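A quick write-up on the structure given underneath.
The values are calculated or read from the model by the stated rules, or taken from the named source; none is laboratory data. Remember, predicted model here, so these are calculated numbers, not experimental data. All Cβ positions, even for glycine, are placed from backbone atoms using ideal geometry, and neighbour counts span all protein chains on display.
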Amino acid sequence: MKKLVIVCLLLVSWSSFAQTGVIRGTITDKQSEKSIVGATIELVSDPSNSTNTDERGNFELLNVPLGRQTIRVSYLGYESSTVPDIDVTTGKEVILSVALIEKFDTLDEVVIVSDGNNKAKSINKLAAVSVRQFSPEEVNRYAGGRSDVARLASNFAGVSTADDSRNDIVVRGNSPTGLLWRLEGIPIPSPNHFATLGTTGSPVSALNPNLLANSDFITSAFPAEYGNAIGGVFDLGLRKGNNKEYEYSAGVAAFPGAELMAEGPMGKKGGSFLVAGRYGIVGVLGLAGTAAQPNYNDISFNLDFGKGKLGNLSVFGILGNSNIDLIGDDVELSSDDLFATRDEDAFVTSNFGVVGLKHTIDIGSKSYLKTVFSASTSGNTYEEDRYFNLDTPTEFKLRFTEVDNTENRITFSTLFNSKISKKITFRSGLLYENFSLENKLNDRDKQDDNDGDGQPDFVNLIDNDGSYSIIQPYAMGQFRLTEKLTFNAGLHGQYFSLNEEFVFEPRTALTYAINNKSSVNIGYGLHHQNVTAPLLFLNENIGGNLVQSNKNLDLTRSAHYVIGYDLRFADKWRAKVEVYYQDIDKAAVEKTPSGYSSLTEGASFGFTVDKNSLVSTGTGFNQGVEFTLEKFFSKGYNLLFTTSLFESKYTGSDGIERNSPFNNGYVINALAGKEFKIGKAKKNIFSINTKFTTAGGRYYTPVDLAASQAAGYEIRDDANAYSEQYDAYLRLDLKFGFKFNSKKKKRSHQFYVDLQNITDNSNVFSRDFNRVTQQVNQIDQIGFQPDFGYRFQF
């Protein structure tokens, strides 16, 4: 600790004569997304420091004081916009993209000032309800976030992730499998290390937040360009590299790992490159929640070739690999190891990759065409050896499970956007995805001994080598009916080749500005999603032949209804209330009466493997109310309070309405952050951030202890599915950070200590049947855990 204090004091002394920073960027028309020439940009703290955009819509503000700054952007005939909370340092230039919207009425006396770039507004201009913009700076700022975009989302109203071991996102009581991940306008597989087929989360994210641009997170009634999802949408964009200066950074942190990043100009057309690589070190530090050492690494890049006569071309991608060996000998009998088990050895690998080519070209002065072609892959293997008669003279080892999954995807997307007038914007497009699957599952779990060798048979449950396609056309428009009333409407289509089903989905949203401080939003959307692949391709033995009896299941259907009230009651303060209802049908259930439904899948790494000949007659609903109170960063501090009260129920083929495993009932988040200027020149920052979270426990199906002891493996009491609830989740995190700006230009140092679960609260992870002790054991989640990080920018 003494050495740490000395280092901090040295850095303070080195940075006492810190330089100023630079803010650069582009100003565009929000409806047409074309550059605006001649817009005025001024520093709010010093209006004399101002500039105008050039013929490409670019601007540059020099000699900007270090610390949090705000700029104001204005242009004749457009609503002015302020961009607050700009973190200016010496180590890196700030590059922004600001969109202005044309005034509804061009009368000179009409003056409208819009906070068009704050987090209350979406990047997607056609997303009007249940949407929240977030920045990569937020991902790194909040306590307990592990630099993980998914964990950031858990702070927003309507989201529950009460599980320290995984970053699955439960949106308004929906299964995490209902989430759509998009990158640069195309759907992608789960962007996580240690991910498995059909899931959308995992213990560690493969997304590097330092490469992300401001992005959208949508929780209901999505605009018509989003499809094949019923839960939520993460619409991510990659930022471009600095196209004028070469910049580098190096860092190390417990969970993201060691990182190197470089960016700079490329070519003669204003292009740039941005590339970063990370290598995980959490296992070396013993912070993984298991005795085993997880290994993971990823590389991300965005190469922009600039804008020429044939448009703008860029290449982007993310590649990640991970593996872990879970060895039973390393686990104590009474251990709370989250992933390993005393009587088995398990070997896990996974990979994820997406590479895309994006082309954008102007069509006239108010339209453009964007086309993206990409290839992606995700795969995982799992090999498990089980020890029988453990710790006895007759102990022996048997291969118990083998999983080998590979999903390759080719995606083509084209989007046409046109600003017909300042009152009407039109957008249409087509998305085509072709999936090639190679899935194999051989397992002895709960199998009979038909060959008479005294052991459960090694049965092939999945053996698929095939493909299917999803085609999604869409069209939508935004209509500014009056200065206060805006109407969005669209139609989304979806074709699923396995069952040859084609559906139409209307989407609408209405926004009414009561005054310049408050508005009402109403939204409706019909959404469909195919049943997850691990269920579709399960094998069933029918007459001695293996048949994939679930392949013709219908698309699950969900209707979203939402109404919200948004109030900006003071400068930089916002309050929002939303009430929603989601009606779900055509979920997959069993033919015979049972409490099973596909709506309950996605709560762990795996999926049910014994549900065949399912039918699409299941139903469910989600309903609730959400409240958000937020103070965007200003005057040295920020606040965020969110609470959700909700109910998530489903009905299986037995006609009994049950709690879903995602029915926490309530979630409360309270976050606060404060920054203090330190050092002789007051150019350096000491920050404190804290986060408090509590949520109702998840419902689970209890273990049938007597049946489990008789069978030798876990048997759940399915007649009482999801009838019991874990204790409430509670966690408090506290994060301390320092930011030092060097007296030498283009250098800055940042480091933090994040004390997670500082009360060492024992939150329940699971209650499972232990094959060794023959009892039901409770395993708790990770207790107190420190995290740290250091970053050097130059």
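Hey, could you check the stretch 490-515 for residues that are farther than 30 Å from ARG409 by Cα and touching a strand residue (DSSP E or B) at 6+ places or on another chain (Cβ under 8 Å) and say which is surrounded by the most Cβ atoms within 10 Å (Cβ to Cβ)? Working first, answer last.
Restricting attention to the stretch 490-515, the residues satisfying the condition of being farther than 30 Å from ARG409 by Cα are 508-515.
Narrowing further to those that are touching a strand residue (DSSP E or B) at 6+ places or on another chain (Cβ under 8 Å): 508-514.
Working: THR508: 20, ALA509: 26, LEU510: 18, THR511: 20, TYR512: 15, ALA513: 16, ILE514: 12.
Step by step, filter the stretch 490-515, then rank; the result is ALA509.
Whether a residue is assigned by TED's automatic domain parsing to the domain that holds VAL753 and under 23 Å from the mean Cα position of the chain (by Cα) was assessed, and PHE273 does not pass this test.
Table: residues versus (1) within 29 Å of GLY264 (Cβ to Cβ); (2) at pLDDT 90 or above.
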site	(1), (2)
ASP105	no, no
VAL111	no, no
ASN118	no, no
LYS125	no, no
GLU138	yes, no
SER154	no, yes
GLY178	no, yes
LEU183	yes, yes
THR199	no, yes
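Could you please find all residues in the stretch 488-543 being hydrophobic (A, V, I, L, M, F, W, C) and more than 30 Å from ILE462 (Cβ to Cβ)? Don't jump to the end; show me each part of the working.
From the stretch 488-543, those hydrophobic (A, V, I, L, M, F, W, C) are 489, 491, 496, 498, 502-504, 509-510, 513-514, 520, 522, 526, 531, 533, 535-538, 542; that's our starting set.
Result: ALA489, LEU491, PHE504, ALA509, LEU510, ALA513, ILE514, VAL520, ILE522, LEU526.
Among the residues of the stretch 336-357, are any out of contact with any strand residue (DSSP E or B) (no Cβ under 6 Å at 6 or more places or on another chain), without any contact (Cβ under 8 Å) to a residue 60 or more places away in the chain and surrounded by fewer than 16 Cβ atoms within 10 Å (Cβ to Cβ)? Within the stretch 336-357 (the criterion being out of contact with any strand residue (DSSP E or B) (no Cβ under 6 Å at 6 or more places or on another chain), without any contact (Cβ under 8 Å) to a residue 60 or more places away in the chain and surrounded by fewer than 16 Cβ atoms within 10 Å (Cβ to Cβ)), the answer is no, since none of the residues qualifies.
Among the residues of the stretch 160-174, which ones are closer than 15 Å to ILE218 by Cα and more than 14 Å from the chain's Cα centre (by Cα)? Give the steps one after another, and end with the answer.
Pass one, the stretch 160-174, residues closer than 15 Å to ILE218 by Cα: 160, 169-174.
Across the stretch 160-174, the qualifying residues are ARG172, GLY173, ASN174.
Within the stretch 722-765, if we keep just the residues that are part of a strand (DSSP E or B) and at pLDDT below 90, the residue that is surrounded by the most Cβ atoms within 10 Å (Cβ to Cβ) turns out to be ASN741.
Any chance you could count how many residues in the stretch 528-564 are among the hydrophobic types (A, V, I, L, M, F, W, C) and surrounded by 19 or more Cβ atoms within 10 Å (Cβ to Cβ)? I'd like the intermediate steps shown before the answer.
Taking the stretch 528-564 as the starting set, the residues that turn out to be among the hydrophobic types (A, V, I, L, M, F, W, C) are 531, 533, 535-538, 542, 546-547, 553, 555, 559, 562-563.
Add one more test, that the residue is surrounded by 19 or more Cβ atoms within 10 Å (Cβ to Cβ), and what stays is 531, 533, 535-538, 553, 555, 562.
The qualifying residues number 9.
Looking only at the stretch 202-233, filter to residues that are β-branched (Val, Ile, Thr) and in a strand (DSSP E or B); which one of those is farthest from PHE339 (Cα to Cα)? Result: ILE218. Among the strands (runs of 3 or more DSSP E) confined to the stretch 524-588, there are none with at least 1 residues that are on the phi > 0 side of the Ramachandran plot and not assigned by TED's automatic domain parsing to the domain that holds PHE504.
Scan the stretch 702-711 and tell me whether some residue there is without any contact (Cβ under 8 Å) to a residue 60 or more places away in the chain, over 30 Å from ASP329 (Cβ atoms), out of contact with any Ser or Thr (no Cβ under 6 Å at 6 or more places or on another chain) and surrounded by fewer than 17 Cβ atoms within 10 Å (Cβ to Cβ). Yes, the stretch 702-711 contains a residue that is without any contact (Cβ under 8 Å) to a residue 60 or more places away in the chain, over 30 Å from ASP329 (Cβ atoms), out of contact with any Ser or Thr (no Cβ under 6 Å at 6 or more places or on another chain) and surrounded by fewer than 17 Cβ atoms within 10 Å (Cβ to Cβ). Taking every residue in the stretch 395-409 that is over 17 Å from THR349 (Cα atoms) and pairing it with any residue that is in a strand (DSSP E or B) and of a type in the set (Gly, Ala, Ser), at least 6 positions away or on another chain, the pairs with Cβ-Cβ distances below 7 Å are ARG409/SER376. Residue pairs whose Cβ atoms lie under 7 Å apart, separated by 6 or more positions or on different chains, with the first residue in the stretch 127-146 and over 17 Å from GLN756 (Cβ atoms) and the second modelled with pLDDT under 90 and in a loop (DSSP other than H, G, I, E, B), are VAL131/SER122; ARG132/LYS119; GLN133/LYS119; GLN133/LYS121; GLN133/SER122; GLN133/ILE123; PHE134/LYS119. Within the stretch 766-794, the set of residues being of a type in the set (A, V, I, L, M, F, W, C), under 30 Å from GLU259 (Cβ atoms) and in contact with a Phe, Trp or Tyr (Cβ under 7 Å, 6 or more places away or on another chain) comprises PHE788, PHE794. With respect to SER175, is the statement that it is in the same structural domain as LYS440 (by TED's automatic domain parsing), surrounded by fewer than 24 Cβ atoms within 10 Å (Cβ to Cβ) and under 21 Å from PHE765 (Cβ atoms) true? When the stated conditions are applied, SER175 does not pass them. A count restricted to the stretch 236-274 and to residues that are in contact with a Ser or Thr (Cβ under 7 Å, 6 or more places away or on another chain), part of a strand (DSSP E or B) and closer than 19 Å to LYS746 by Cα stands at 4. Entry remark, the stretch 610-641: residues being crowded, with 18+ Cβ neighbours inside 10 Å and closer than 22 Å to VAL547 by Cβ number 5 in total.
Among the listed residues SER616, SER644, identify the single one that is out of contact with any Leu (no Cβ under 7 Å at 6 or more places or on another chain), outside any helix (DSSP H, G or I) and assigned by TED's automatic domain parsing to the domain that holds THR200.
SER644
What are the residues in the stretch 351-398 that are of a type in the set (Gly, Ala, Ser) and not in a strand (DSSP E or B), if any? GLY364, SER365 - these are the residues of the stretch 351-398 that are of a type in the set (Gly, Ala, Ser) and not in a strand (DSSP E or B).
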